[in-house]
Amino acid sequence: MLKHIQRRLLHLVPVLVGVSILVFFGMHLIPGDVAQLLLGDKGSDADLARLRHQLGLDRPVYIQYLRFLSGAVRGDFGVSLRTRQPVIWEIGQALPVTVQLSLAALLFAVVTGLLLGVLAARYPHSIVDTGSMAGVLIGVSMPVFWTGILLLLVFGGLLGWLPLGGVLDGGMPYRRITGMPVIDGLLALDRAVVGSSLRHLVLPAVALGATAMGAIARMARSTMLDVLGFDFIRTARAKGLAERRVISRHALRNALLPVVTLVGLQLGLLLSGAVLTETIFSLPGLGRLAITSVLARDYPLVQGVVIIAAVVFVAANLLVDLLYAYLDPRIRYG
Amino acid sequence: MAEHAAAAVRPIVHVPTTRWARVRRSPTLLLGMALLAVIVTAAAAAPLLTRYDSSSHDLDRTFEGPSRTHLLGTDNFGRDLFARLLYGARIDLMIGIFATLVTLVVGSAIGLAAGYYGGRLDRVVMRLVDIVVAFPFFVLVIGLVAMLGTGLRNMFLAIWLVGWVSYARIVRGEVLFVRTREYVEAARVIGASDAGIVVRHVLPNVVTPAVVFSMSDVVLNILLGSSLSFLGLGAQPPAPEWGLMIAEGRTFLATAWWLSALPGLAIVITGVAFSLIGDGLADVLRPGG
Amino acid sequence: MTRLVLHRVLPALLAAMLAAFGLAGYAVAQAPKTLVIAIGADQTGLDPQQVQNNESGFVMSTIFDSLVNYKPGSSEIGPGLAQSWTVSPDGKVFTFRLRRGVKFHDGTPMNARTVAEDLDRAINPKNPCFVIDRKVDSYDEFTFGSVKDGSVAKMEAVDDYTLRFTFPTPNAPFLSSIAMIWQGIMSPKATKDNNCDAGQHPVGTGPFKFVEAVRNDHVTVEANRDYWGGKPKVDRIIFKIVPESATRMLMLERNEVQILADVPPSDYARVEQNKALKFYKAAGLTILGVAMSNDLGPFKDKRVRQAMNYAVDKDAINKGLYAGATTSSQGMPPVLWGYNKSVKPYAYDVAKAQALLKEAGFANGFSTDMMVYSNPRGYNPVGGAKLGEAVQGYLAKVGVQVKITQYEWGAYLDRFRRQPWEGFAISGWSGDNGDPDNFLGDLFEWDAANNKARINNTGRHHNPAYDALLQQARQTTDQTKRAKLYEQANQILHDDAPWIFINHTNQVRAARTNVKGFLLNPLQMFFHMELVSLE
């Protein structure tokens, strides 16, 4: 197992170098000039030339890349053009928000997805089954940003049950430890912060998790149906075990494996959806940072965000992979 | 990981019947095809179904509710919403189908070559695949669009540059599996050419999972295209692309929610049609049928 | 393991989720007298000399004072850190008498020495914190002049409370310029402590002190109880960053925020009809138009340019696109002094447009290009693309076929300002300091010395008679005489029609009715927030 992890990690090195090359040179093909963008519709030609020089934009590209790579290895992605703060600091502010959102969405997706899938498989072709599978089919086809807008409009606007975005009630003070208000609130045993941040989390998590939930429900249903037809289940039933016990003890266990795989496949979609969800719900996360920095042509920030997103994504996939190996007794890595 | 996934997804239950019988008995497939037929017809016959076009302004008649002259009302420019939805179907169907078709063909070809020939070609392709899949899909596409410039054409390019990877992986995995089968070995022994083997023996056996996957990919690409347009990176105004319409309508959400809600509904319906077809196809094309 | 997940973890998670929903009704009491202002984007730093974007300005205007401040609700100059000032008859020497007993928020005393120390980094290349050597949003040399060509002001601290600036040439707009928030005075100690960049730890003398800034989420400032202009009436102001305009509106209605920094035209009626909300509207210091390539294509002919102006129905655009919250333009914002009241906007007159086109030899019209951008700007809240589409529709009616190309904002600026484009381009401007020169000069003047258009004269308008008037006005200290010169320039500009003049976007904000004492400032900033209370 350890060796397997080692091998996987080693395998990542050339991948990440490839990622850095792609990102760096990709960004430099972008039309439009950072210096120009910073100046906006004011400023003279002399200002422009001066700014270009200050930003090192007048140096050869390969030198810019080498400087970038040597910094990146040390976690130094340079300084944001717009805010003049270190890129890694900007990312550090945003990342916890995205992690919290993604985990909440994943939690929602797995729990409700499994629940719906198992229910549907337990009563195949019943109203429960048809209804939930129809719902799932629709859920999978809903654009994240559209779901978000509608949820916000209905539960935030019309009904007023939940907040309209943000991570916390305005200006509520709390001690930043992890940067994830829910966790920080729990750590500080601050009921107000936990309550407020949870209420802020519900709608974005549901919007973001809806697609993954649908996929998981479908997968859970079909594998459950398959598994329920197997001999050992019939044996278990024949032994006179209660149906609930048959399902929870024998069937679900076997149905869980493909779900874990699916979660791995859904991670990318989840991170992608975060870009849109964070925009709709005013969440100061990595996705929003990505969009604002792309639109502002903040090269160093875009590079940092994309690379960090890739690293997080790769790490999460590795984790899922290992979890899978751990859960599946048939797989043993030498 | 992809290998595990393929293994896990591979159906376990076999019910032998003929394919056509299955098609006729698969309500999922029929329903999906019927739905798609309606959408395609509506898109194609748009000029017959409405007398408005998708972009002419009427600033005297903005934000009108549904009426006999404007079936679904008008938007902030006084444009007919029904007409825009119909003409929008053309764009979104094109995004879904065209983007997917190219990645399906190109990706499968690459996967086929890599899997069949193996060796250095395989290693290079897989390394490239590793790099592409190291990014969250959408983040990479956004990055590419930012690089290439906004607009429909560049959006297609970005989707193609990233999308082939899934097909290459799926087909390569299948080829590796099929390559070791006796009938391929046999063909090789009796001296069949590579091209002959691939076309006659390998391709038919590996293309099914790619085609089944492509149906859900169509849905994904429609969602992707509308998301990019929503963010201002894809289709540009005044195109009646559905995601763009949602973005334009969102400013008026509080007063005219339907401007955003209806295009979203159109996306959902189209997505459902393709998902149904995909599910149906998966049933019908199961091995052993 | 799996069983553990099923039996223990899942139910626990479900319970947690239910708890989350259960907490929905749990309201959290807000600290007393907190005013929340919703803004659309985050600030990029809070050092007045280093940034120049609206959002940074919004926050900085609560933290900083300038030597002179704009009077509440106006662009007229009133006392700031300087209690009084004198201008020499030749218009070259400005002497400021500073207020006594004022301290920066960090306790540093405010006097001629500390103010000079702060401003020194704007004008002295040898200062280790010289702002031009730092990465800045922008740097406008028009306040203190340019170091490079020697037109920069000389600054001297005459005594502890007297500061004097001397210019080589008369500099009529200086007083207006120095009141801008970009000339707010930062504690020199803060600049030093933060390695020349106190953008994340700003220290001023203003009515509110900086507390914290959470990226893309909010900025908090708290009352400065010792403020020289009177104790602020609210304890805290939170600038909450909410990118979606529809969400901002809902938040205002739900009293989650009390002031919206901007309101999209589609929501004007909604605010006006809500009894709990107050609609704030004032003429804005902006201009919006469609620039034409005055030196290329059919637009070389003045009659064609005038025809374009007649062909577009500005009133319908104002009503349809901008919900009636804009004023049609004749070339100059009506709130500026020097505005010529006898000049009226071009009427919508298709026949006249066609006649002029025929006269110019384009009876059958012509085809041309238009560049647009999609994002909204302060002077164009619906974005360039929508205006472009509307104009395109009107021009088609007089036979002018327009092909629209949309560019992302950065690429747009590059093309628009630095390339000899031909055709149309959406154009606009927000005033910096409330001086007519800031519009007529920046946007339409020919740089005679270098024989090229000034950088923001993107339509390449060139009329020597017009340029001469502007030159003369810049050297005149008497404001009444200056105004007369600008009125003449306004007339010429209108006739030359270098743009299709569209409109001036009113400054529109919305607030809860319990917000009292809030005044719009023509410069859009949140000046004098110490006067605002929550009832």
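Residues considered: B:282, B:210. Of these, the only one that is under 18 Å from the mean Cα position of the chain (by Cα), in a helix (DSSP H, G or I), touching a residue at least 24 places away in the same chain (Cβ under 8 Å) and away from chain A (no Cβ under 12 Å) is B:210. The set of residues in the stretch C:73-89 being at pLDDT 90 or above and assigned to a loop (DSSP other than H, G, I, E, B) consists of C:80, C:81.
Just one of the listed residues (C:255, C:309) is more than 10 Å from every other protein chain (Cβ to nearest Cβ), on the phi < 0 side of the Ramachandran plot and either crowded, with 24+ Cβ neighbours inside 10 Å or over 24 Å from the mean Cα position of the chain (by Cα) (or both), namely C:309.
Being closer than 23 Å to residue A:228 by Cβ and of a type outside the set (Lys, Arg) narrows it down to one of A:107, A:119, so name that one. First the steps, then the outcome.
Values: A:107 fails: closer than 23 Å to residue A:228 by Cβ.
It is A:119.
Evaluating residue B:253 against the criteria (1) more than 8 Å from every other protein chain (Cβ to nearest Cβ); (2) buried (at least 24 other Cβ atoms within 10 Å of the Cβ); (3) at pLDDT below 85 leaves one unmet condition, (1).
Scanning the stretch A:304-324 for residues that are more than 9 Å from chain B (Cβ to nearest Cβ), over 14 Å from the mean Cα position of the chain (by Cα) and surrounded by 18 or more Cβ atoms within 10 Å (Cβ to Cβ) gives A:304, A:307.
For the stretch C:272-300, the set of residues classified as of a type outside the set (D, E, K, R) and part of a strand (DSSP E or B) consists of C:277, C:279, C:280, C:282, C:286, C:287, C:288, C:289, C:290, C:291, C:292, listed by residue number.
Considering only residues in the stretch C:380-421 that are free of Cβ contacts under 8 Å to residues at least 12 places away in the same chain and closer than 23 Å to residue C:351 by Cα, the one that is nearest to the other protein chains (Cβ to nearest Cβ) turns out to be C:393.
Mind listing just one residue for me: the one in the stretch A:176-187 that is part of a loop (DSSP other than H, G, I, E, B) and of a type outside the set (Lys, Arg) and, of those, farthest from residue A:287 (Cα to Cα)? So, considering only residues that are part of a loop (DSSP other than H, G, I, E, B) and of a type outside the set (Lys, Arg), the one farthest from residue A:287 (Cα to Cα) is A:177. When the stretch C:363-379 is filtered for residues that are more than 20 Å from residue C:243 (Cβ to Cβ) and out of contact with any strand residue (DSSP E or B) (no Cβ under 8 Å at 6 or more places or on another chain), the ones remaining, listed by number, are C:363, C:364.
Among the residues of the stretch A:143-175, count how many are within 14 Å of chain B (Cβ to nearest Cβ), touching a residue at least 12 places away in the same chain (Cβ under 8 Å) and either on the phi > 0 side of the Ramachandran plot or not in a loop (DSSP other than H, G, I, E, B) (or both). Final tally of qualifying residues: 10. Residues in the stretch C:31-48 that are more than 16 Å from residue C:239 (Cβ to Cβ), at pLDDT below 90 and surrounded by 18 or more Cβ atoms within 10 Å (Cβ to Cβ): 0 in all.
Is there a residue in the stretch A:118-133 that is of a type in the set (A, V, I, L, M) and within 12 Å of chain B (Cβ to nearest Cβ)? Step through it out loud before you land on a result.
Just the residues of the stretch A:118-133 that are of a type in the set (A, V, I, L, M), to begin with: A:118-121, A:127-128, A:133.
Narrowing the set further to residues that are within 12 Å of chain B (Cβ to nearest Cβ) leaves A:133.
Within the stretch A:118-133 (the criterion being of a type in the set (A, V, I, L, M) and within 12 Å of chain B (Cβ to nearest Cβ)), the answer is yes, since at least one residue qualifies.
Sort out which residues of the stretch B:234-250 are within 11 Å of chain A (Cβ to nearest Cβ) and more than 13 Å from residue B:95 (Cβ to Cβ), and write them in order of number. Please lay out each step first, then the result.
Of the residues in the stretch B:234-250, the ones within 11 Å of chain A (Cβ to nearest Cβ) are B:242-243, B:245-247, B:249-250.
B:245, B:246, B:247, B:249, B:250, listed by residue number.
When the stretch C:258-285 is filtered for residues that are more than 12 Å from chain B (Cβ to nearest Cβ) and among the hydrophobic types (A, V, I, L, M, F, W, C), the ones remaining, listed by number, are C:259, C:260, C:261, C:276, C:277, C:279, C:282, C:283, C:285. Filter the stretch C:221-252 for residues that are within 14 Å of chain B (Cβ to nearest Cβ), β-branched (Val, Ile, Thr) and in a loop (DSSP other than H, G, I, E, B) and give the result. Within the stretch C:221-252, C:242 is the sole residue that qualifies.
Quick one: which residue in B:199, B:218, B:268, B:189 is over 30 Å from residue C:376 (Cα atoms), in contact with a helix residue (DSSP H, G or I) (Cβ under 8 Å, 6 or more places away or on another chain) and not charged (D, E, K, R)?
Values: B:199 fails: in contact with a helix residue (DSSP H, G or I) (Cβ under 8 Å, 6 or more places away or on another chain); B:268 fails: over 30 Å from residue C:376 (Cα atoms); B:189 fails: in contact with a helix residue (DSSP H, G or I) (Cβ under 8 Å, 6 or more places away or on another chain).
When all the criteria are applied, what remains is B:218.
Filtering the stretch A:43-94 to residues that are over 21 Å from residue A:179 (Cβ atoms), exposed (fewer than 15 other Cβ atoms within 10 Å of the Cβ) and within 27 Å of the chain's Cα centre (by Cα) leaves A:69, A:73, A:74.
Scanning the stretch C:422-437 for residues that are closer than 30 Å to residue C:479 by Cα and not in a strand (DSSP E or B), we see that the one that is farthest from the other protein chains (Cβ to nearest Cβ) is C:436. Does residue C:244 fit the bill of being more than 30 Å from residue C:502 (Cα to Cα) and either of a type outside the set (Val, Ile, Thr) or touching a Leu at 6+ places or on another chain (Cβ under 8 Å) (or both)? Taking the combined requirement at face value, the residue does not satisfy it.
Residues in the stretch C:53-64 that are touching a Phe, Trp or Tyr at 6+ places or on another chain (Cβ under 8 Å) and surrounded by 24 or more Cβ atoms within 10 Å (Cβ to Cβ): 4 in all. Screening residue B:150 with (1) at pLDDT 85 or above; (2) in a loop (DSSP other than H, G, I, E, B) gives one miss only, at (1).
Which of the residues spanning the stretch C:438-454 are within 14 Å of chain A (Cβ to nearest Cβ) and aromatic (Phe, Trp, Tyr)?
Going through the stretch C:438-454, the residues within 14 Å of chain A (Cβ to nearest Cβ) turn out to be C:438-439, C:441-443, C:445, C:447, C:449-450, C:452-454.
Passing the criteria: only C:439.
For the stretch B:117-134, check the following and say yes or no: at least one residue is crowded, with 24+ Cβ neighbours inside 10 Å and either within 14 Å of chain A (Cβ to nearest Cβ) or at pLDDT 90 or above (or both). No, there is no match, as no residue in the stretch B:117-134 is crowded, with 24+ Cβ neighbours inside 10 Å and either within 14 Å of chain A (Cβ to nearest Cβ) or at pLDDT 90 or above (or both).
Any chance the stretch C:525-532 includes a residue that's crowded, with 21+ Cβ neighbours inside 10 Å, part of a loop (DSSP other than H, G, I, E, B) and among the β-branched types (Val, Ile, Thr)? Checked against the condition, which is being crowded, with 21+ Cβ neighbours inside 10 Å, part of a loop (DSSP other than H, G, I, E, B) and among the β-branched types (Val, Ile, Thr), the stretch C:525-532 yields at least one hit.
Rundown of residues vs (1) part of a helix (DSSP H, G or I); (2) crowded, with 17+ Cβ neighbours inside 10 Å; (3) at pLDDT below 85, yes/no style:
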{"position": "B:47", "(1), (2), (3)": "yes, no, no"}
{"position": "B:62", "(1), (2), (3)": "no, yes, yes"}
{"position": "B:65", "(1), (2), (3)": "no, no, yes"}
{"position": "B:76", "(1), (2), (3)": "no, yes, yes"}
{"position": "B:91", "(1), (2), (3)": "yes, yes, no"}
{"position": "B:103", "(1), (2), (3)": "yes, yes, no"}
{"position": "B:107", "(1), (2), (3)": "yes, yes, no"}
{"position": "B:113", "(1), (2), (3)": "yes, yes, no"}
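Residues in the stretch B:129-173 that are touching a residue at least 60 places away in the same chain (Cβ under 8 Å) and more than 17 Å from residue B:100 (Cα to Cα): how many? Qualifying residue count, the stretch B:129-173: 7.
Applying the set (1) charged (D, E, K, R); (2) within 12 Å of chain B (Cβ to nearest Cβ); (3) crowded, with 16+ Cβ neighbours inside 10 Å to residue C:301 leaves exactly one unmet item: (2).
Sort through C:131, C:136, C:147 and tell me the only one that's modelled with pLDDT under 90, buried (at least 21 other Cβ atoms within 10 Å of the Cβ) and of a type in the set (Val, Ile, Thr).
Values: C:131 fails: buried (at least 21 other Cβ atoms within 10 Å of the Cβ); C:147 fails: buried (at least 21 other Cβ atoms within 10 Å of the Cβ).
Answer to the selection: C:136.
The values are calculated or read from the model by the stated rules, or taken from the named source; none is laboratory data. Please read all numbers here as calculations on a predicted model, not as lab measurements. Cβ sites come from the backbone with ideal geometry, for glycine too, and all protein chains shown count toward neighbours.
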